[in-house]
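Worksheet for the structure shown next.
The values are calculated or read from the model by the stated rules, or taken from the named source; none is laboratory data. These figures come from a predicted structure and were not determined experimentally. With ideal geometry, Cβ positions are generated from the backbone for all residues, glycine too; neighbour counts draw on all protein chains shown. Just the protein is used for accessible areas: all its heavy atoms, side chains included, with ligands, DNA and RNA removed. Shrake-Rupley method; radii C 1.70, N 1.55, O 1.52, S 1.80 Å.
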Amino acid sequence: MTKLSTLILTGALITGSSAYAQMRVEVVGVGSNQIPIAIAAFAEEGVAPAQVSAIIRADLERSGMFKIIDAGSTLSESSPVDYSQWKSRGADALVVGSVQKLADGRFEVRYKLHDTIKTNQLSSMTQSAQAKYTRLSAHKIADDIYEKLTGSRGAFATRVAYVNENRGARDYRLEIADADGEAVQVAVRSNEPIISPAWSPDGSKVAYVSFEKRKPIIYVQDLVTGARKIVVNEKGSNSAPSWSPDGTRLTMALSKDGHTQVYVVGIDGSGLRRVSNSNGIDTEPQFSADGQTIYFTSDRSGGPQVYKMPAAGGNAQRVTFNGSYNISPRVSSDGKTLAWVSQRDGGYSLYAMDLASSQELRLADGATEPSFSPNGKYIMYATKGGGRTSLAVVSVDGRVKQRLTTQAGNIREPNWGPFMK
């Protein structure tokens, strides 16, 4: 048995350093009908360890939904607002705020969002947080702005899990980072492969597959206490765990009966039950948003295609028909969109399908391992380039694209976490 070091994830998490390089985000596309917004520097924000207004600006710019107008000034939430001036500068909205260091060492962040067209205040927020959570305060403000101006919930304050691997050095890490690639934290480190991380619906746990015992075994790790446990260790391969929406069950692919099929089990490892039944390979199961359906990959028709079946088992229906090789199904949180990877024209591409109309859209080439943002507006995926694997993000309409790169390691198998409670 090889040695595995597990780092406890608590409020005092070990953050990124030179050993765990932060990811750099590059926006390479923008959305249509961008909202022009001016973001002023926050008053006294220099006292905080992170520049709040800069983080807000980067979040909104990264979304592709906003055209950032340089305010060129510092404005607190109590500053008088000349709406006509900001409107004449082309801004439909204005963000102002301040940061104050409190006596107990925390930082109070205040902000206001103004509508320059309707000449009124749209929103405000006051947060008090420890120094290490200043970035989170900024992300929450960006989420509020995104929701007020687009009508959809923002996902800037969420996190992503992924595998960072250096095969030559036999170094495999399950890492957690903010949605912008910052604040990297190590959940698990091993000299044997780690694959298939999957967030629990409440964001407190991650299921994953580890080869530390020289075979694939499914673990669940508590990200608050660092405690972990084996959930499934059956004969053969144990792979591809995915959570039910209520967080009480996992679905996964097991080969315990001789060929790989889909199973469901309680998160305590009890009640293991086979739910698929074919003579082929059934794998990569994913619960639908309402928990009533499982989407999965099967070669029962001769080549890998996406199917769906009742979560309790039963007749399976084929979902993908274009192309001879379709894998890795993922369903958006609203249940409206299916994302998957298709091999066509000699390469792998990311596709999205409107499940109501079955209309397909090709989103990105050179893509594997997709994962939806919790608001269903973006998809993160792994992609190869420059001799290594990194992460990228694309909007579900294909207009906005981002690349997340790092200086070391291969970053793959992303799983976008849920909204934080």
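Ile218 satisfies every condition listed in (1) of a type in the set (A, V, I, L, M); (2) assigned to a strand (DSSP E or B); (3) open to solvent by 10 Å² or more (accessible area, probe 1.4 Å) except (3). Restricting the first member to the stretch 49-61 and to residues that are over 15 Å from Ile37 (Cα atoms) and aliphatic (A, V, I, L, M), and the second to residues that are open to solvent by less than 20 Å² (accessible area, probe 1.4 Å) and part of a helix (DSSP H, G or I), the beta-carbon pairs closer than 7 Å and six or more apart or on different chains are Ala50/Thr134; Ala50/Ala138; Val52/Glu45; Val52/Thr134; Val52/Ser137; Val52/Ala138.
Here is a list: Ser298, Ser288. Which entry is under 21 Å from Pro370 (Cβ atoms), at pLDDT 95 or above and within 23 Å of the chain's Cα centre (by Cα)?
Details: Ser298 fails: within 23 Å of the chain's Cα centre (by Cα).
Result: Ser288 is the single residue among Ser298, Ser288 that is under 21 Å from Pro370 (Cβ atoms), at pLDDT 95 or above and within 23 Å of the chain's Cα centre (by Cα).
Results for (1) without any contact (Cβ under 8 Å) to a residue 60 or more places away in the chain; (2) buried (at least 19 other Cβ atoms within 10 Å of the Cβ); (3) closer than 20 Å to Val160 by Cα; (4) of a type in the set (Ser, Thr, Tyr), shown as yes or no for each residue.
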{"site": "Ala356", "(1), (2), (3), (4)": "yes, no, no, no"}
{"site": "Gly366", "(1), (2), (3), (4)": "yes, no, no, no"}
{"site": "Thr383", "(1), (2), (3), (4)": "yes, yes, yes, yes"}
{"site": "Gly387", "(1), (2), (3), (4)": "yes, no, no, no"}
{"site": "Asp397", "(1), (2), (3), (4)": "no, no, no, no"}
{"site": "Arg403", "(1), (2), (3), (4)": "no, no, yes, no"}
{"site": "Gly417", "(1), (2), (3), (4)": "no, yes, yes, no"}
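Could you tell me whether the stretch 222-232 includes any residue that is closer than 26 Å to Arg300 by Cα and either buried (at least 16 other Cβ atoms within 10 Å of the Cβ) or of a type outside the set (A, V, I, L, M) (or both)? Within the stretch 222-232, one or more residues are closer than 26 Å to Arg300 by Cα and either buried (at least 16 other Cβ atoms within 10 Å of the Cβ) or of a type outside the set (A, V, I, L, M) (or both). Screening the candidates Ser73, Ser78, Ser84, Ser88 for the property of being out of contact with any Asp or Glu (no Cβ under 8 Å at 6 or more places or on another chain), surrounded by fewer than 22 Cβ atoms within 10 Å (Cβ to Cβ), more than 28 Å from Thr158 (Cα to Cα) and at pLDDT below 95 yields one hit, Ser73.
When the stretch 113-166 is examined, which residues are found to be of a type in the set (Ser, Thr, Tyr) and either on the phi > 0 side of the Ramachandran plot or open to solvent by 40 Å² or more (accessible area, probe 1.4 Å) (or both)?
Selection gives Thr119, Ser124, Thr126, Ser128, Tyr133, Thr150.
Ala289 satisfies every condition listed in (1) small (Gly, Ala, Ser); (2) open to solvent by less than 30 Å² (accessible area, probe 1.4 Å); (3) within 21 Å of Leu355 (Cβ to Cβ); (4) in contact with a strand residue (DSSP E or B) (Cβ under 8 Å, 6 or more places away or on another chain) except (2).
Looking at Gln317, Gln343, which is the one that is exposed (fewer than 14 other Cβ atoms within 10 Å of the Cβ), modelled with pLDDT of 95 or more and not hydrophobic (A, V, I, L, M, F, W, C)?
Testing whether each residue is exposed (fewer than 14 other Cβ atoms within 10 Å of the Cβ), modelled with pLDDT of 95 or more and not hydrophobic (A, V, I, L, M, F, W, C) leaves just Gln317.
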